[in-house]
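The values are calculated or read from the model by the stated rules, or taken from the named source; none is laboratory data. It should be emphasised that the depicted structure is a prediction, and the values quoted were computed from it without experimental measurement. Here the Cβ is made from the backbone with ideal geometry for all residues, glycine too, and neighbour counts use every protein chain on show.
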Amino acid sequence: MDIVSNDYLLSLKTKMNFKEGSERFLDTGTRIYEFYDEFLVVCPKCGKLAKVLIDESEFEKLSKRKMDKFRNQFFAPRRLVCLNCLHRDFWKGSQIAIDASVDWYFRLPLWLEISCCGETLWAYNRNHLEMLESYVSAKLRERTVKGRSSFLSKLPKWIKSAKNRDEILKAIGKLKGKL
Ligand SMILES: [Zn+2]
């Protein structure tokens with residue numbers, strides 16, 4: 001499984017290889033599923049930032065038994081950790097629902113969520129937010145063949161619209177301030 005994780009990290013690094021505030025953004029096909037490894041959520045006990053992470057020790061046990069890469073990654077047990085009140089919770093299951101407004105495991109509201117342009121702007125984690133920022137700030141957006149099915153290509157029109165650029169970047173800046 002090491003090889004799989006390394007490959008994944010490498011591919012993510014390549015995809016994230018853009019300069020902040022760059023004029024050009026190249027969409028290489030990142031899927032929304034690829035942000036599965038960390039969700040920033042609102043702690044159900046204290047209302048501060050908590051994280052939903054893969055439970056690495058449980059994940060390793062699972063990886064030895066099953067060889068299906070995606071199954072292993074998505075259904076690996078998760079732990080909820082609050083750095084403020086130290087609240088902990090665990091998730092072990094075989095079904096998840098991929099939803100915009102909550103994490104896929106504990107169904108907790110996202111930490112990175114803000115009203116913007118009469119809509120709601122949200123991100124699962126920092127990588128997700130920074131990719132949105134680069135996409136929105138770029139004056140020229142290009143995509144590879146794989147980019148046709150990326151999460152960016154499926155963003156709602158209001159996020160893609162140039163007239164909303166400043167307001168969206170301001171909102172992203174506020175979300176970054178919460179990190
Ligand atoms: Zn807490």
Where a residue in the range 89-118 is hydroxyl-bearing (Ser, Thr, Tyr) and its partner, wherever it lies, is part of a strand (DSSP E or B), with Cβ under 7 Å and at least six apart: Ser101/Pro109; Ser101/Leu110; Ser101/Trp122; Tyr105/Val52; Tyr105/Arg78; Tyr105/Trp91
The range 85-119: number of residues that are away from the ligand (no atom under 16 Å from the Cβ) and more than 16 Å from Lys160 (Cβ to Cβ): 19
Any hit, the range 127-145, residues being touching a Lys or Arg at 6+ places or on another chain (Cβ under 9 Å), touching a residue at least 60 places away in the same chain (Cβ under 8 Å) and under 24 Å from Gly47 (Cα atoms): yes
Residue ranges of helices (runs of 4 or more DSSP H) in the range 100-179 with at least 2 members in contact with a helix residue (DSSP H, G or I) (Cβ under 6 Å, 6 or more places away or on another chain): 126-137, 165-177
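Conditions (1) surrounded by fewer than 15 Cβ atoms within 10 Å (Cβ to Cβ); (2) at pLDDT below 85, marked per residue:
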position: Tyr33; (1), (2): yes, yes
position: Leu40; (1), (2): no, no
position: Gly47; (1), (2): yes, no
position: Arg79; (1), (2): no, no
position: Trp91; (1), (2): no, no
position: Phe106; (1), (2): no, no
